[in-house]
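Comments concern the structure below.
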Amino acid sequence: MPIKQQNGGILIWVASFFAIILLGLLAFGYLVYNRLSSDLPNVKALHNVSYEMPLTIVSKDNQLMAQFGGNKRIPVKIEAIPKQLVNAFIAAEDDSFYEHPGVDYKGLLRAGLQLALTGKKKQGGSTITMQVTRNFLLTSEKTFTRKLKEIILALKIEREYSKDKILELYLNQIYMGHSAYGVEAAAQTYYGKSLKDLTLAEHAMIAGLPKGPSIYNPITDEARAIERRNYVLQRMLELNYISLQEHEAAIRQPSTAKLQYHSSDVSAPFVAEMVRQYIFNKYGDAAYTLGLKVTTTIDPELQKAADRSLRNALHTYDDRHGYRFPAEATGKNNSSEIIPVIGDTLAATVLSVKNQGINAKLYDNKPIEISWDNVKWTGSKFKKFLKPGTLIRVRQNKKNNWSITQVPDVEGAFVSLNPSDGAILTLSGGFEFNQNKFNRAIQAKRQPGSGFKPIIYTTALEQGYTAASILNDAPISVFDPSEGKNWKPENSTKKFYGPTSLRKALTFSRNIIAIQLLKDMGLAKGIATGIRFGFTKEQLPDGLSLALGSGYASPLQMARMYAVFANGGFLIDPYIIERIESNEGKILYQAKPKTACSHCKDSKDAPDNPAPRIITPGINFIMNSLMRDVIKLGTATDARVLGRSDIAGKTGTTNDQRDAWFNGFTPTLVASAWVGFDNYKPLGHYETGGVAALPMWIEYMRSALKNTPVAAFNPPNDVTKKQIDGTWEYIQKGVVLKKIPPIKVAKKAGTESKETKKLIKEKPVEALF
């Protein structure tokens, strides 16, 4: 056979062999492709991509209160990303991005050869598009099969999306270290500014992070981060993205990165936790990744005033009861064991003790001076413990001078709201959230004491009593079915005052009169009124002690009760969430609160969601008049310092002074203040609502009402003035007045006060019994 023919046959055979192999490979590849493709996610899902973003809670004026969820992410459109930053990423990650179809075959070949020659995997060959598939559509496993899936998906993505859309997905999803995802979050995390404000050197620094967010991190390893940044700048120069002058100027720049601890603009941790719990209950674990934004009703400036007022009131109480000489004061603890900040108290170490005062340094080594005038309250014994190295706690007083202090043992709560619609403006659940997360403003079940009496007096007015009705403040003994024995109630003063008008009885919080009223009207009527004001049956004991507030309530519930008197007689529902939005700004929930409208004459004037009227305008006006006298003449006269005629309210004190309250209001603002121990320990003798809780309310109202004009106080059409037993008093028109039988005055020695004896002698009166 001729050689030429023989060679031709061999070539045909070899060609056929390779053709068969190629066809086999193609067939195998086709089968693999079909097999893998059937198991691949749909790339169209990226049209509606949902980034994991934290739950954000803001105040009514959009100031940040808190964020919940580990990842920081701020998605931005590609149009908002500076072109030079995009160039930096392309130079660092994928310089052929605009040319390849999603896969860089040359890069893959180089990576494959590296694996074949060395047996080691080499980073590289992964395009930006392939990284998008990895970050959005695939798991993090590192297998050959996943790499094939990555390639197939990248090709599909390039057919489905524009290059700009692929870049947008990548730049919003890529991990940048320190819990930051995406370029905008990175800019905020490392530089505290937006993308548009970054320099070229900062662009390159950020673009260098994806290769190794911890290795090339400017916070954890500045030298390596600068090395990586300069590499990115060099690649940008080589690709003609920057000029030589820009390159030289940028590489001379020092690192300006500094981890930004973005604390909240508004400190309201009790509120933030309330909202977090609600959103979690509604959305589950997704609450922390959906990027929801919750706008609350909280007023930032008023919240600051509430926190300050609460802490000052607790410190004032604590000061009255002396220094407790904790381990900090004896120097037995070392400074590392002292919590630097608790509430408004700071840890400090004594440096020297001099005639002028104490020199100390705070936990951050800032030097301070403490005048002896601000140490006196601790007593003479405290001075003996002071020596260099003694650990103490300090705070700045109202004059911004440093003083010795301690973390109060006593606790408190404060809440204020808009009485017209129930919007909660402030809420403080205790001295320090991080020390004790129990939210007393909403979770505490405390006896309201005499703060409940307006319910009894409202019922009495509805039953025909007037503010001028006279009852006998004298010893009584009644059987209490809830206790199963006779009960002999007393006034807080341990005295009895004889014939007393309802106005005077509420003004001075006379217990006997409240009990007599409830006994005469019947428990059922008192309980029914309490339920009408929003309390539950379980909160209202079935006994005459109800007249003295022996049930239970939270400060928020008390504020709701007093809002009725503030808004003209309507029951509102307190609320704290104004709006919930998706991460795209779509409103998912908008509050539609029940709203009071005392001036609305017909349905045309009425709000969309009117609050129900539960007491008449006349009864409401008379109750306002009575509670204004509590401040003008009675148990809350310290509030006269506010210099306003439109404030009203009621003190509350329970047995053994275990609870101290003041609930008060104007027509535009209602607030409740409570002081007590979590373990129900007595506050101490004379620690009444007017002493322990009222100062908190006064300090807050001083700030809250600063720019609010005094409201007029005019009787409504259903109220008139009438002379009753020589006294002019407001009464409601059309109400049948209660006929009260003559008083049977007790003659037992020692039971009547001088005032009682004088009244009995001067004027015959009528009373219940």
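The values are calculated or read from the model by the stated rules, or taken from the named source; none is laboratory data. All values reported here derive from a predicted model rather than from experimental measurement. Glycine also receives a Cβ, built like all others from the backbone with ideal geometry; neighbour counts cover every protein chain displayed. What goes into the accessible areas is simple: the full protein's heavy atoms, side chains included, and nothing from ligands, DNA or RNA. Shrake-Rupley method; radii C 1.70, N 1.55, O 1.52, S 1.80 Å.
Laid out as a table, the results:
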| item | result |
| --- | --- |
| Members of LYS72/LYS398; LYS485/LYS721; LYS437/LYS592 lying beyond 31 Å, as alpha-carbon distances in this model show | LYS72/LYS398; LYS485/LYS721 |
| For peptides 343-351, 417-425, 281-289, 71-79, sequence by mean Cβ density within 10 Å, most packed first | 417-425, 343-351, 71-79, 281-289 |
| Length-normalised contact order of the chain in % [C-alpha pairs under 8 Å, at least 6 apart] | 12 |
| Among 693-699, 711-717, the order from most to least packed when residues are scored by Cβ within 10 Å on average | 693-699, 711-717 |
| Unsatisfied cross-links (Cα-Cα over 29 Å) in the set LYS193/LYS586; LYS488/LYS681; LYS165/LYS586; LYS77/LYS258; LYS445/LYS601 | LYS445/LYS601 |
| For segment 40-89: relative contact order, % (alpha-carbon pairs under 8 angstrom, 6 or more apart) | 28 |
| Compactness of the chain as Cα Rg over 2.2 N^0.38 Å, two decimals | 1.36 |
| Cα-based reach from LYS453 at 17 Å (exclusive), listing aspartates and glutamates while leaving out same-chain residues under 8 positions away | GLU462, ASP473, GLU490, ASP520, ASP542, ASP629, ASP659 |
| Helical contribution to [θ] at 222 nm, DSSP H n ≥ 4, -39,500 (n - 2.57), averaged over the chain, rounded to 500 | -11000 deg cm²/dmol |
| Nearest 10 degrees, 0 to 90: helix 3-37 Cα axis against the chain principal axis | 10 |
| Accessible area (Å², 1.4 Å probe, nearest 10) - LYS196 | 150 |
| Amide H contacts of THR616 (H built 1.01 Å from N, under 5 Å, at least 5 apart or other chain) | none |
| Alpha-carbon spread of segment 542-667, three principal axes, descending order, Å | 54, 37, 36 |
| Segment 571-619-segment 400-444 distance, computed between alpha-carbon centres (Å) | 26 |
| Helix 300-320 axis, angle to the chain major axis (alpha carbon atoms, nearest 10°) | 60 |
| Using alpha-carbon coordinates, inclination of helix 83-93 to the longest axis of the chain, degrees | 60 |
| Probe 1.4 Å, accessible area per residue of the chain, Å² | 49 |
| Selection of trypsin sites (Lys or Arg not before Pro), segment 476-510, meeting DSSP coil and at most 16 other Cβ within 10 Å | LYS494, LYS495 |
| Straight-distance crosslink candidates among aspartates and glutamates, where the alpha carbon sits under 14 Å from LYS44 and sequence neighbours closer than 8 are dropped | GLU158, GLU160 |
| Bins of 10 Å from zero: percent of alpha-carbon pairs in segment 421-536 | 11, 35, 29, 18, 6, 0 |
| Values of log10 I(q)/I(0), in the order q = 0.10, 0.15, 0.18, 0.21 Å⁻¹, for segment 506-598 under a Debye, Cα-only, solvent-free model | -0.39, -0.71, -0.91, -1.10 |
| Cα Rg, Dmax (largest Cα-Cα span) when computed across segment 477-540, Å | 13.3, 34 |
| Portion, in percent, of the accessible area of the chain that falls on carbon or sulfur, probe 1.4 Å | 53 |
| Among 144-153, 450-459, 587-596, the order from most to least packed when residues are scored by Cβ within 10 Å on average | 450-459, 144-153, 587-596 |
